[in-house]
Amino acid sequence: MTLNIETPALLFSATSLILLAYTNRFLTIAQIVRSLKNTMMKIIQRAFFSKSKTSTSAYR
């Protein structure tokens, strides 16, 4: 197998494109996970505060 002068240039450009694709995919997944976490935290806070409001009004 012979390596021409074009072979490394093609490999390096392909490698950077692959890394760019995986980076974009990782950033998208990370954004979805953060969004799900924020949504779950809001749901948990609403459930906690609604539960604490009903329990304190029962003691009055």
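Among the conditions (1) at pLDDT below 95; (2) part of a helix (DSSP H, G or I); (3) not basic (Lys, Arg), VAL33 misses just one, which is (1).
The condition of being at pLDDT below 95, open to solvent by 100 Å² or more (accessible area, probe 1.4 Å) and not in a helix (DSSP H, G or I) holds for only one of LEU17, LEU3, LEU10, that being LEU3.
The values are calculated or read from the model by the stated rules, or taken from the named source; none is laboratory data. If you're wondering where the values come from, they're calculated on a predicted model, not measured in any experiment. When the accessible area is computed, the model is the full protein with side chains, heavy atoms only, and any ligands, DNA or RNA have been set aside. Shrake-Rupley method; radii C 1.70, N 1.55, O 1.52, S 1.80 Å.
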